[in-house]
Each structure stands twice: as C-alpha cells, then as structure tokens.
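The structure appears right after this line, and notes come after that.
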Amino acid sequence: MAIYYLSLKTKPGKNTHEVHKSNCPHLPEAKNRKHLGNFISCKAAVREAKNFVEKPNGCCYCSRLCNSAC
Ligand SMILES: [Zn+2]
C-alpha cells in the first residue's frame, strides 16, 4: 500500500493531472495537491482521482505503470 496524491495543476501543454506517491520527488507542493488516500496500486489511485478531475494520469517517475505515454 502507498499513499497517493493528485496534482491539482495540469502539466504545461497538457490537460492531464498527475497522480503521485507520497515519496515521489516530483510531488507538487502542499497547496497544489490533494490527498487521495492509501491504495494498493496506482490504478486504484487513478480511479479514485477520476472523482475529482477529468483526466488523471500516473506520474512517469513514481507511477509509470499507470501512464501509457511514458
Ligand atoms: Zn510522481
């Protein structure tokens, strides 16, 4: 299990919001992220993130399995 966060900012030039693990070096600062909870995989975290943003996507660094574009 890992704690996951949703970035509230989109990446420049993209309309996707990245999902990060709590220990990711690319985790956004506190005001730009939302705590999603404890999940068994990034897939479950991304599913949860869909309740908040239209296009969540796994971070290429910490949740690569959940980003088909990495
Ligand atoms: Zn990350």
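The values are calculated or read from the model by the stated rules, or taken from the named source; none is laboratory data. Here the structure is a predicted model, which means the values were calculated and not measured. With ideal geometry, Cβ positions are generated from the backbone for all residues, glycine too; neighbour counts draw on all protein chains shown. These accessible areas exclude ligands, DNA and RNA; they are computed on the full protein's heavy atoms, side chains included. Shrake-Rupley method; radii C 1.70, N 1.55, O 1.52, S 1.80 Å.
Restricting the range 46-69 to residues that are among the hydrophobic types (A, V, I, L, M, F, W, C) and within 11 Å of the ligand (Cβ to nearest atom) leaves a set whose member that is surrounded by the fewest Cβ atoms within 10 Å (Cβ to Cβ) is 60. Within the range 6-25, residues that are at pLDDT 95 or above and within 11 Å of the ligand (Cβ to nearest atom) sit with their Cβ atoms under 7 Å from residues that are among the charged types (D, E, K, R) and open to solvent by less than 60 Å² (accessible area, probe 1.4 Å), at 6+ positions apart or across chains, in these pairs: 7/18.
Any residue that is in a loop (DSSP other than H, G, I, E, B), at negative phi, surrounded by 15 or more Cβ atoms within 10 Å (Cβ to Cβ) and not charged (D, E, K, R) - is there at least one of those in the range 3-15? The answer is no, given that none of the residues of the range 3-15 is in a loop (DSSP other than H, G, I, E, B), at negative phi, surrounded by 15 or more Cβ atoms within 10 Å (Cβ to Cβ) and not charged (D, E, K, R).
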